[in-house]
């Protein structure tokens, strides 16, 4: 009964871990951008995504993220493993939006490694390539034919006083540290999120989803390398393995019960007797009292293979008939009460010993 209870408990556990919404309807494309949990399109069921991760798909080609206080941004790419989303202004000039003030309040997103930048408007006489330090970035989408707009790390301004003499400060903004890289700041910015945390699930090729009931916010991982196979495969393994295991456990229980009955049966005592030689038969094996020379018939036979001790003078040895191997009498006597075979060559002289015993009786 215990085995049956375990099987049904396992089935119940699998059923309770089923995702509340079908995985298939929660995975869609907007243009070439895959959309799935924690994101969802506004046309999908609410359980396909996590709260505040709503996207829209403009003209079925452009995924768009709406920030409550900063407006719409085009989604350039979503990295589900590292939990990053790269966004850009719809007019491809994100720095303009930053100058207007990027407000991430009310969103699950934040700037990774934010850095303060001071934005300058420089006249044509100030070459943007001559500005120091090297982290300064030329913003092409805000620049014109007779002026250049440059962003410079605020903490580095003291190194470039002479370079910015013909520049006017526009504003200070927080921007990702990636602005100091090789990309144009107008290419967009990267945001990241921490909750829900699906990094491990995604890295193992699983599917992160809302689980259990229709109202809870518990997030789980379906499939992937961590918890194995699909629901169908789990059922197959459960019944394919559970039934044979149940049979084997039942068989072992049956054998155990029968073994207990046999222990109470006097007739079983004979079958459970130790399969060694009778003491009278062992006594018929030849004995040898070792002399001072310790010389035996076999020149190299000077050590008992049972206790691994070298033979000493005046010790009593016993020989096994047939193979004529020597041992300490005490050692081989104890051995033969449990085993009929010679410890060295594994030959069984039981029949020979019986013949010797019979011959001794007739002679008497």
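Coordinate-derived values only; no laboratory data. Since the model is a prediction, treat every value here as computed from it, not as a measurement. Don't worry about glycine lacking a Cβ; one is built from the backbone with ideal geometry, like all the others, and counts go over all protein chains shown.
For this structure, a couple of remarks:
- Calculated FRET efficiency, residue 275 to residue 203, Cβ-Cβ distance, R0 = 51 Å: about 0.30 to the nearest 0.05.
- Nitroxide proxy distance, nm - points 7 Å out along Cα→Cβ at residue 84 and residue 215: 4.0 nm
- Cβ-Cβ distance of residue 316 and residue 337, R₀ of 22 Å, FRET efficiency by 1/(1 + (r/R0)^6): the value works out to about 0.80.
- Among 341-348, 50-57, the peptide with the highest mean count of other Cβ atoms within 10 Å heads the list, and the full ranking is 50-57, 341-348.
- Spin-label model distance (nm) - residue 174 vs residue 140, 7 Å beyond Cα toward Cβ: 2.9 nm
- Gain on full stretching of the segment that runs from residue 303 to residue 344 - 0.36 nm per residue minus C-alpha separation: 13.6 nm
- Spin-label model distance (nm) - residue 293 vs residue 69, 7 Å beyond Cα toward Cβ: 11.1 nm
- Given their separation in residues at 0.36 nm each and the Cα-Cα distance between them, residue 92 and residue 157 gain 20.7 nm when the chain is fully extended.
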